[in-house]
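The structure appears below as structure tokens.
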Amino acid sequence: MTVLSLRRIGQMLLIPILAVLTALVAGAIIMLIFGDDPLSAYRGLLTGAFGSGRAWATTIRKMTPLIFTGRSVAAAFKAGLFNIGASGQFIIGTVCSVAVGVNFEGLPIFIHMPLALLAGIAGGMAWGFIPGALKVFTGAHEVIVTIMLNYVASLFAGWTVYAGGTEGQSPGPLWDRTAGAISETPDVFLSARIPWIFAEPYRVHWGIVIAIGVAIFIWWLIFRTTLGFETRTVGQNSKAARYAGIRVNWVIILTMMIAGGLAGLAGAVETLGLNHKFAPEFTGGVGFDGITVALLAQTNPLGVLLSAFLLGALDAGAARMQFDSGVAADIIQVIQALVLAFVAAPQIIRQFYRIRTPAAEAEGTVFSTGWGR
């Protein structure tokens, strides 16, 4: 590795690292204002994330879906697209994987589990196809469409597990009839579950290996294939890409489908590896957290692993931080929001720390997150 490469890596890491440190300092100041002890809070945070085998296991579990959703958002960024729909794609992937997981009893695990995973990918890709196609054929902006589809996905998923009622409504097709009034699916069959690496009480499953493998594959796809080159070219300048003969419309649709498939795979892995069923409260906010992961990684496929690890650790340590110091666990959400703000607007960090803007950015080239067109 040359000195030039090391310098470039250092420049790429500088803003994210300073953004995280600045957010932690800002969080400490907020704690002091409200009379809390930031040292005790952050000590509890570290203990909760890394202080024991169970803590490490929790961090790994938390980071696993973030790798997929962060990679989903980052993949869309590479084509100049903003995928706000990872949350909806996550939900659809979950429902599709569960639909396969609670059926086809008797299939061997080497068929049933991959089939359930592929169902999650297919569901997410279908949900990603919609905003991509609408953008290409109608000009609808992907941000608006993906936000709307998040609500559609949530309502659709709720219908699939609806428990029925006294007014004669029929229950949803995936509702567990033994659950009474609780809206949830049955547990997926053992043959559809992702096996444990470390069983109870750690509950670390092979989904983390799948996530790392997918991140490496997406890196190869983006930086070592023709499709990846076309995607990055469209993200840099779609008009120039079209002039060069690249099928821009096809690239946009395919990129949104890949992004949707990754988020759908996140839902499938989370369900088949950890929850083993679907209930509306299991969806969480990992889809939206993927935006923070992607921005913090500056859309680098391998950088997503590091940023997902950081956010997973923050989430894993939040409960212990609250228990040890009495500070509200919501401060973690504040820190994450500050990290997102500082990374999305790097000029704030540059001005604060008096860091010179690189010549490429000063001349107006596309910022590394791929926001430019």
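The values are calculated or read from the model by the stated rules, or taken from the named source; none is laboratory data. Quick caveat, the model's predicted, so the values are computed rather than measured. As a convention, Cβ positions derive from the backbone with ideal geometry for all residues, glycine included, and neighbour counts pool all protein chains shown.
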Problem set entry | Residues (farther than 20 Å from Glu200 by Cα and either in contact with a Cys (Cβ under 7 Å, 6 or more places away or on another chain) or charged (D, E, K, R) (or both)) located in region 43-57 | Arg43
For this session: Determine, yes or no, whether Leu305 is at pLDDT below 95, assigned to a helix (DSSP H, G or I) and under 13 Å from the mean Cα position of the chain (by Cα).
Result: yes
Exercise. Is it fair to say Thr255 is of a type in the set (Ser, Thr, Tyr), in contact with a helix residue (DSSP H, G or I) (Cβ under 8 Å, 6 or more places away or on another chain) and not in a loop (DSSP other than H, G, I, E, B)?
Worked result: yes
Problem set entry | Val248 being surrounded by 18 or more Cβ atoms within 10 Å (Cβ to Cβ), among the aliphatic types (A, V, I, L, M) and closer than 18 Å to Asn83 by Cβ | yes
Exercise. Going through region 279-302 one residue at a time, which ones are polar (S, T, N, Q) and either at pLDDT 90 or above or on the phi < 0 side of the Ramachandran plot (or both)?
Worked result: Thr283, Thr292, Asn300
Problem set entry | Selected residue [within 25 Å of Val136 (Cα to Cα) and over 17 Å from the mean Cα position of the chain (by Cα)] from Gly44, Gly70, Gly80 | Gly80
For this session: Scan region 174-194 for residues that are part of a loop (DSSP other than H, G, I, E, B), in contact (Cβ under 8 Å) with a residue 40 or more places away in the chain and of a type outside the set (Val, Ile, Thr) and report the count.
Result: 8
Problem set entry | Whichever residue in region 92-106 is in contact with a Lys or Arg (Cβ under 9 Å, 6 or more places away or on another chain) and not small (Gly, Ala, Ser) and, among such residues, is farthest from Ala122 (Cα to Cα) | Val102
For this session: Considering (1) more than 27 Å from Arg224 (Cα to Cα); (2) of a type in the set (S, T, N, Q); (3) more than 17 Å from the chain's Cα centre (by Cα), say which one Gln336 fails and leave the rest.
Result: (3)
For this session: With the condition kept exactly as written, say whether any residue in region 217-229 is without any contact (Cβ under 8 Å) to a residue 24 or more places away in the chain and either under 30 Å from Ala179 (Cα atoms) or acidic (Asp, Glu) (or both).
Result: no
Problem set entry | Unique residue being touching a residue at least 24 places away in the same chain (Cβ under 8 Å) and surrounded by fewer than 18 Cβ atoms within 10 Å (Cβ to Cβ) when the list is Gly273, Gly285 | Gly285
Exercise. Any residue at all in region 141-156 that is over 22 Å from the mean Cα position of the chain (by Cα) and without any contact (Cβ under 8 Å) to a residue 24 or more places away in the chain?
Worked result: no
For this session: Mind checking which helices (runs of 4 or more DSSP H) fall wholly inside region 1-110 and carry at least 1 residues that are under 27 Å from Gly235 (Cα atoms) and among the β-branched types (Val, Ile, Thr)?
Result: 3-33, 53-78, 86-101
